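A short write-up of the structure that comes next.
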Amino acid sequence: QIYARIIATGSALPERIVTNADLEKIVDTSDEWIRTRTGIRQRHIAADGETTGDLAFLAAQRALEAAGVKASELDLIILGTTTPDIIFPSTACLVQHRLGANGCAAFDVNAACSGFVYALGIADKFIRSGQSKKVLVIGAETLTRMVDWTERESCVLFGDGAGAVVLEASNEPGIYATCLHADGGYKHLLYNPVGVSVGFKDEPNHGVRINMSGREVFKVAVKTLDSLVEETLQAAGMVESDIDWLIPHQANLRIIEATAKRLKMSMDRVVVTVDKHANTSSGSVPLALDYAVRSGKVQRGQTLLLEAFGGGFTWASALLRY
Ligand code: ACO
């Protein structure tokens, strides 16, 4: 049997850090409110001119270097993002050219915060089918470009960043199972109201913004992630105690704690970066994974559960042996 195995990880964050105290100066909020409701203490914010593709490129370079794989060896690049540099070509194509991987297949996946885990699920299928041998999967976002900085309900939640993994076809596990889902019936709870086909508005940021009903998103996220982890365990033929690390989407510490509780996992087996990175959408899971690998928390041979939930709604998971 062929498995897709993660051979290395990488990540990139913008240099500029914005703390909760910094936000207190521009919007009616407090460090205390943000910390207790979300677990966030700071976020990284892209500089003017610094793009999703720039962060994706850096994360990819670091992952390739750690893997000892040349860009020319890649036969597929999939990039999860909802904030591409330009509408087309895809950011995957822009990154491919900068890496020097020209010729291999490259495309973006837009599944909002679930973008990276969706991309990982797709890459797994390409490798299992024998179509691809070495695949680069990236999750990268500059979501703060969509933020309305006068709206305290949403502007405190987001940050920018990117993470990447290099996957290789292997006889050893590997990704055991991935589960991908969406329900477009929930669009109204979390969406951007403008775009190319709908048109833009004569408003700040051309009307590009994040419309979010936070409390409703929270409730559906917790419930949906509960059933997602159950489904993923079943798909892999595993039980809760088989998991060494939960690497969840980093949106809100309270959502993460609820999922850990459902898995009967203590928080010292959960990778948490939401305090440092805030919600980086598609960047969040691979950033947390790279942090966990490079800090020595996650060791080779351990079993990891990755999960994400975001606008669409979309939700997705991957259960794998690192
Ligand atoms: N600072 C201070 N007060 C605030 C702020 C702020 N930044 N934002 C909201 N408040 C106020 C509200 O106005 C409200 O005041 P009121 O009681 O006088 O009306 C009060 O705080 C409580 O607001 P709620 O929205 O009920 O607070 P809640 O505990 O639900 O937390 C939050 C809000 C953090 C947005 C939470 O619902 C959440 O994290 N939801 C998930 C949303 C999310 O993460 N979306 C991103 C992508 S999807 C995903 O990844 C899950």
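Sequence-distant contacts, meaning Cα pairs under 8 Å at least 6 residues apart, place the relative contact order of segment 1-94 at 33 percent. For segment 164-236 and segment 23-57, what is the separation of their Cα centres, given in Å? Cα centroid to Cα centroid, the span is 20 Å.
Under 5 Å from the amide H of Asp148 lie the amide H atoms of Ile210, each residue being 5 or more positions distant or on a separate chain, with H modelled from the backbone and absent for Pro and chain starts. Using θ = phi - 60° in the Karplus curve 6.51 cos²θ - 1.76 cosθ + 1.60, the 3J(HN,Hα) couplings for segment 214-221 round to x, 5, 5, 4, 3, 4, 5, 4 Hz; x is entered for Gly and Pro. The Gln1 and Ser227 beta-carbon pair, evaluated with R₀ = 41 Å, returns a calculated FRET efficiency of approximately 0.90. For the listed peptides 305-316, 252-263, 232-243, a ranking on the average number of other beta carbons within 10 Å per residue, highest first, reads 305-316, 252-263, 232-243. Among Ser284, Ser30, Ser197, which one moves the most in a GNM of the chain with springs linking Cα atoms closer than 10 Å? Ranking Ser284, Ser30, Ser197 by mean-square fluctuation puts Ser197 first. Sequence gap at least 6, Cα distance under 8 Å: using those rules, report the relative contact order of segment 3-172 to the nearest whole percent. Relative contact order, segment 3-172: 35 percent. Which whole-number percentage describes the relative contact order of the chain, with Cα contacts under 8 Å and a sequence gap of 6 or more? Reported relative contact order: 26 percent.
Here the chain yields Rg over Rh of 0.95, to two decimals, using C-alpha coordinates and the Kirkwood radius. For the peptides 71-77, 210-216, residues were scored by their other Cβ atoms within 10 Å and the scores averaged per peptide; the highest-first order is 71-77, 210-216. Taking each DSSP H run with n ≥ 4 as -39500 (n - 2.57) and averaging over every residue of the chain yields -9500 deg cm²/dmol at 222 nm. Modelled this way, with points 7 Å down the Cα-to-C-beta line, the labels at Arg294 and Lys25 are 2.8 nm from one another.
Just so you know, all these numbers are worked out from the coordinates, no wet-lab data involved. Here the structure is a predicted model, which means the values were calculated and not measured. Neighbour counts run over all protein chains shown; Cβ positions are idealised from the backbone, glycine included.
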